[in-house]
Amino acid sequence: MTTNAKRDYYEVLGVTRTVTEVELKSAYRKLALQYHPDRNPNNPDAEERFKEVSEAYAVLADSEKRAVYDRYGHAGLGGASGAGAGFDPSVFQDFSDIFGEFFGFGDMFGGGGRRRSRVQRGADLREDLTLEFEEAYFGTESRVTVRRHEACEDCRGSGAAPGKGPTTCRSCNGRGQVRYQQGFFSIARMCPTCQGTGSVITDPCAKCKGDGRLLRQRSVDAKIPAGVEDGTRIRFAGAGEVGQFGGPAGDLYVVLHVKEHPFFEREGNDLHCVVPISVPQAAMGAEIRVPTMEGEHTLKIPEGTQPSTTFRIRNKGVPVLNGHGKGDLYVEVRVQIPGKLNKRQKELLQELDVLSKVDNQPLLRSLLGKVKDIFQ
C-alpha cells in the first residue's frame, strides 16, 4: 500500500475524534491483529497498513501528541509522527500489553524485560470446621488438620543438593529471556530452560527432587472468637503452604459451619425462641422462667397477654464479633389450648364462659384489622 499524502489518523483507525482511550486501544488491537505481518506473510500491503495503524495509534494514545495533532494536524507533529523517517517502533509504550494478549510475546522492539524471581510465595489454603451452636456463641479453641507443602529439611528449601546451589542458565546467560528476530520486530521471550529465573538447578536435592518442599500433614491450633456465625471465614496468616525456594508462606482460611440450636434461632446478633404459656397465665399474668444461652431468665407476663406476643430481653443475644456488647433475645409466647379436658376443667371453663360472655357477631372491618394486628 503506497500513498503520497498521509491519511487522517482517526480515519486510519476507524474512530471519531471523541474516541476514548479504551475505545482507541480496542480499535487498534483489532486492526493490528488483522494486518500483523505474522498473519500476512509476504504481503507488503498488509505490512504497510500495519505500520500505518501503529503510527496512528502511537500518536493518538499519547495525550500530548494527540492534542498537538488535533490542533495542527500532521504538520504540527513534524518528525515526531514518523513522517519522512519511516516507521519508528521506539515510540510505542504499550505494545507488550497489546501483542502479549494476541501472540504471547513477552517484550517487543528491544524493550527491557524483567527476570523472574525463583522465590515464590506459598499458596493459600482453605479448611472447613464445623462448630456446635454453643461453641460459636462462647468462642472455642480447636485443631484443624492441614495438608501443606513445607520446606525440605535436607536442602532447607533451596531445591539443590546439600552443599550445592543454582547455577547460571546457559540458554539465556542468566538474563531469564531469549531474544528472537521476526521481520522488523525484535522479540524477547521467557527462557524455556529456566522459566525466566536466570538460573537452573543442575544437582537437585534427592529428597524433594529439586522442588525445595515436601507435602506434610500438620495440626494448626485455631482460636475461634465468640460471636462467629455460619459462613464466617477466619484468616491465619502464614499457616498456608511454604513458598518455593525460601518464599514466604501463604495463609490458611478456616471457613466455619455452625450447627442449628434445638430452640434458638439466630438473626444477626439477636436470638429468637418460642415459649408456651397456659390460658390462665395469659389472662391473669405470671412470671415464667425462660432459657437463655447463659442460664434461665425470669420473664414477667402481664395480665391479658395475647397469643403470639413477643417480649424483648436486652443483652441476652449473641456477642458482637470482635466488638462489645450483645444482641437481644426475643421470646414469643404461644397460648397453649388444652386438647382434652377433665370434668372439673370443663366446669371451670363453663363458669368462665358465663362470666365473660362474648357476642359472637361479625366484626367491623376497622376492628377486624386491629384484631389481626394483635394475632400477627
Checklist entry - With a 10 Å Cβ neighbour count serving as the proxy for reagent exposure, in which order, fewest first, do H324, H74, H257 appear? => result H324, H257, H74
Next on the checklist: For a Förster distance of 30 Å, can you work out the FRET efficiency between the beta-carbons of V279 and N315, rounded to the nearest 0.05?
Outcome noted: 0.45
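Set the bar at 27 Å for Cα to Cα. Now go through K30/K65; K300/K343; K259/K300 and name every pair that lies beyond it.
K300/K343; K259/K300
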Checklist entry - Between R189 and D353, what length comes free when the chain is fully extended (0.36 nm per residue of separation minus the Cα-Cα distance, one decimal in nm)? => result 49.5 nm
Checklist outcome for this item: In whole angstrom, largest first, the equivalent ellipsoid semi-axes that the Cα gyration tensor gives for segment 125-258 are 44, 20, 9
Checklist outcome for this item: Taking Y57, Y69 and counting other beta carbon atoms within 10 angstrom, the fewest-first order is Y69, Y57
Checklist outcome for this item: Two pseudo-spin positions, 7 Å from Cα along C-beta at E294 and at E132, lie apart in nanometres by 1.9 nm
Item to check | Low-density loop positions, chymotrypsin sites (Phe, Trp or Tyr not before Pro), segment 220-272 - DSSP coil, at most 14 other Cβ in 10 Å | outcome: F263
Checklist entry - Residues with beta-carbon under 11 Å from that of D328, excluding D328: net charge, scoring Lys, Arg +1 and Asp, Glu -1? => result +2
Checklist entry - Under a straight-distance cross-link criterion of Cα-Cα below 12 Å, which aspartates and glutamates are reachable from K316, leaving out those fewer than 8 residues away in the same chain? => result D270, E294, E296, D328
Item to check | GluC sites (Glu not before Pro) restricted to segment 120-180 and DSSP loop, no more than 13 other C-beta within 10 Å | outcome: E132, E153
Checklist outcome for this item: Largest-first semi-axes in Å of the equivalent ellipsoid built from the Cα gyration tensor of segment 200-275 are 45, 11, 8
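Every number in this text was worked out from the coordinates using simple rules, so none of it is lab data. Here the structure is a predicted model, which means the values were calculated and not measured. Glycine gets a Cβ as well: all are built from the backbone with ideal geometry, and neighbour counts include every protein chain shown.
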